[in-house]
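Following: one structure in structure tokens, then a few remarks.
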Amino acid sequence: MQFSGPSGVIPWWHPDLYARRRPNLLLRQAVLQAIRAQFGRLRFVEVETPALQVSPGLEPHLKAFETRLEQPDGAFRQLYLHTSPEFAMKKLLAAGEEKLFQLAPVFRNGERAATHHPAFLMLEWYRAGQDYRAIMADCESLLRSIAQACGRTTLRWQSQTAEIAASWQYLTVQQAFAQYAGIDIEACIGPDPLRPDLAAMRGACAGIGLRVDAGDSWDDLYFRVALDRVEPKLGLGAPTILHDYPIHMAALSRPKSGNPRLAERFELYACGMELANAFSELTDAAEQQRRFEADMALKKRLYGYDYPIDADFIAALKHGLPDCAGIALGVDRLVMLLAGASRIEEVLWLPVSE
């Protein structure tokens, strides 16, 4: 789709451009209706939580939008637009909700590309008393119900396709890295899973001919392998669930039963694109505080700044977060794949102005 003409850039609201995009927008509306219908059938509660938060989300590599809240007395408080509604939704689990979902506009700074937008729509849902296997099953049933409601059976991205009704593929991170990159990722973790072996990872990457730079961290190399060799192979023909990540890469996840070196975390892929990220949630307040502090120390080291930890969230964990599992799914990306769109702006009513 072209956005410029003889008179310059065509605005997104221009009738010609809007008319070409409108079928995608009607599909988007149908997807949202199907999501709400599915969670209604499952007797989930739909919630709404504030976009303004004390802590925007503490993933080390995410960059938030900052703002100031003016108090009635004229004083100011530093707040952030959330990168995910996760902390707030878990507080509602601690309050007693057992099955809840939210369609939340979320905000991430420094992200704009074919599949990234600074403001986007996230679907999150949580189940008390369940683990990540229940959320895996939810993903299959949700996408199939959406496909039926929208009259679409195939997800498309670039030249790849995935059939929603086909048998889904389930791969561990260990299996995927071995199959597609020839790397034994568990061997690269080393003896201390919270401080993975950088030398082993450097050697493994060099051994497959991948670039290794002097300043690369273990995570840098992991993502280089994932983006170059692994992710493009995931979700081809049918959606893929990639599960059981190194524990240090899942700050909000509980350790895997039977193998505490790994985390009960999975990501959903289709056509080589990541659609969702899920966990069996960590409920130990002291361990969560420790992981947050470690992640913010890493962020400070990498970028020169960090974000505050939400003390109210830690208090909710101390009060008692039940065993639970949850997921964040990118709605815009899902609509892109259902529409066969090439850029995320093609499925937004109006994008953020450039």
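Numbers for the structure displayed
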{"quantity": "Value of relative contact order over segment 118-258, rounded to a whole percent, pairs C-alpha under 8 Å and six or more apart", "calculated": "28 percent"}
{"quantity": "Mean Cβ count within 10 Å, highest first, over the residues of peptides 190-199, 10-19, 141-150", "calculated": "141-150, 190-199, 10-19"}
{"quantity": "Three-way shape label, segment 47-141, alpha-carbon gyration tensor, a/c 1.5", "calculated": "oblate"}
{"quantity": "Counted charge near residue 58, where neighbours are those whose Cβ lies closer than 11 Å (Asp, Glu -1; Lys, Arg +1)", "calculated": "-4"}
{"quantity": "Residue 318/residue 343 FRET efficiency (R0 45 Å; Cβ-Cβ; nearest 0.05)", "calculated": "0.55"}
{"quantity": "Among 338-348, 58-68, the order from most to least packed when residues are scored by Cβ within 10 Å on average", "calculated": "338-348, 58-68"}
{"quantity": "For segment 157-256: rounded, prolate or oblate by the Cα gyration tensor [a/c cutoff 1.5]", "calculated": "oblate"}
{"quantity": "R0 of 35 Å, Cβ-Cβ distance residue 233-residue 297: FRET efficiency to nearest 0.05", "calculated": "0.55"}
{"quantity": "Tensor-based shape of segment 133-175 (alpha-carbon gyration tensor, a/c under 1.5 rounded, otherwise prolate or oblate)", "calculated": "oblate"}
{"quantity": "Relative contact order of segment 48-100, defined on C-alpha pairs under 8 angstrom at six or more residues apart (%)", "calculated": "40 percent"}
{"quantity": "Probe 1.4 Å, protein heavy atoms only - accessible area per residue of the chain in square angstrom", "calculated": "45 Å²"}
{"quantity": "Residue 84 accessible area, assembled protein chains, probe 1.4 Å, Å²", "calculated": "30 Å²"}
{"quantity": "Zone of residue 119's modelled label, taken as backbone nitrogen in segment 328-354 under 12 Å from a point 7 Å along Cα→Cβ", "calculated": "349-354"}
{"quantity": "Solvent exposure, largest accessible area first (probe 1.4 Å, DNA, RNA and ligands not counted), of 264, 287", "calculated": "287, 264"}
{"quantity": "Volume of the Cα convex hull of the chain, divided per residue and given in Å³", "calculated": "170 Å³"}
{"quantity": "Subset of 63/90; 99/299; 256/318; 90/299; 90/233; 63/99 violating a 25 Å alpha-carbon distance limit", "calculated": "99/299; 90/233; 63/99"}
{"quantity": "Carbon plus sulfur fraction of accessible area for segment 73-198, probe 1.4 Å, in percent", "calculated": "48 percent"}
{"quantity": "Residue-averaged [θ]222 nm for the chain, counting only DSSP H segments that reach four residues, each worth -39500 (n - 2.57)", "calculated": "-11000 deg cm²/dmol"}
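The values are calculated or read from the model by the stated rules, or taken from the named source; none is laboratory data. From a predicted model like this one, the values you see are computed outputs, not experimental measurements. Because the Cβ atoms are built from the backbone with ideal geometry, glycine has one as well, and the counts that use them run over all protein chains shown. Just the protein is used for accessible areas: all its heavy atoms, side chains included, with ligands, DNA and RNA removed. Shrake-Rupley method; radii C 1.70, N 1.55, O 1.52, S 1.80 Å.
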